[in-house]
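Only the coordinates and a few stated rules stand behind these numbers; no lab work does. Keep in mind that this is a model prediction, so the values were computed, not measured.
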Amino acid sequence: MESAPAELSGSNLSPLIHRDKEGVLLKRAPDVDAQIHDALVLAPAALLKWAEKEAQDPEFLKDEALVFLIRAFHKSGNKDITNQLSEILIRRWTPFIYSKFNGFVDADDAFCAVIKILFTHILFRDNGRGDFLQVKFGLHLKRIIMSVFRTHRDKNEKELSTFTFSDLSNEEDEDTDWDESIGSEELSPEDSVFIDEAIDVLTGDLQEVYILRRKYDFQIESIDPNEPTLSKYFGKTPRTIRNWLNQADEILKKWQGENHE
């Protein structure tokens with residue numbers, strides 16, 4: 001059996017090196033560390049079999065542990081296992097990532113941009129900037145998606161002003177629980193239908209802020225400095241964001257009154 005990657009030092013896992021804004025070192029969750037310890041004593045075939053388990057399985061290998069393993073095998077020079085584990089991680093999140101770029105004419109480019117940034121952070125951030133992926137993977141991925149969304153927004157502005165989410169819904173995506181991994185709030189059927197019908201009534205920043213808040217449940221502000229928020233995304237105060245959302249609501253109330261009497 002192949003030896004464990006070099007990131008294992010004796011019986012202890014190498015600690016994370018990045019600090020939060022209060023200067024406290026980031027730490028992996030105890031159950032993540034436990035999974036990593038168990039994974040590193042497995043033969044490659046057994047490890048890959050474990051990593052393939054579905055999210056519903058009680059023995060599901062957490063994303064944070066998978067990130068550690070990808071990084072560890074990469075640093076040890078085991079390209080084959082690195083690639084196979086990376087492919088598993090990408091497959092897990094492909095439906096979710098694509099769902100955030102519905103209506104984009106360059107959705108494939110946006111998806112590739114997210115993956116490129118994600119693996120740059122996993123594999124090549126020796127300064128610790130990618131450590132957060134071993135602590136809260138979903139939250140860090142959400143930040144990457146938000147960054148790419150903004151980069152590709154102008155290119156897709158025309159399409160975003162006319163498409164409806166219902167036109168682009170995918171039954172396979174709807175059956176997954178990717179949003180649960182990110183922590184977004186599930187819309188009621190009535191709210192979802194309303195957003196799908198009404199989204200093209202709004203334009204510009206009002207449309208985008210409405211999509212991100214109502215459809216994807218992005219927070220307006222947060223006491224957590226690592227949480228991506230609408231205020232940071234638009235570079236505006238929380239008060240401005242709330243004003244925009246109020247304006248959008250007023251426009252949609254008027255539209256609803258005119259079209260649903």
Spelling out what I want: for every residue of segment 232-247, take phi, set θ = phi - 60°, compute 6.51 cos²θ - 1.76 cosθ + 1.60 (Karplus), and round to whole Hz; glycine and proline get x. 5, 4, 8, x, 10, 6, x, 4, 4, 4, 5, 5, 4, 5, 5, 4
Is the C-alpha gyration tensor of segment 33-81 telling us rounded, prolate or oblate? Criteria: a/c under 1.5 is rounded; beyond that, a/b larger than b/c is prolate, otherwise oblate. prolate
Exceeding the 23 Å Cα-Cα cut-off - candidates Lys75/Lys100; Lys75/Lys116; Lys136/Lys236; Lys53/Lys136; Lys62/Lys116: Lys75/Lys100; Lys136/Lys236
Check Gln219: other-chain or 5+ apart residues with amide H under 5 Å from its amide H, H built from backbone geometry? Leu230
Whole-Hz couplings from phi, Karplus 6.51/-1.76/1.60, listed for segment 26-33; x for Gly and Pro: 5, 9, 5, 5, x, 5, 5, 4
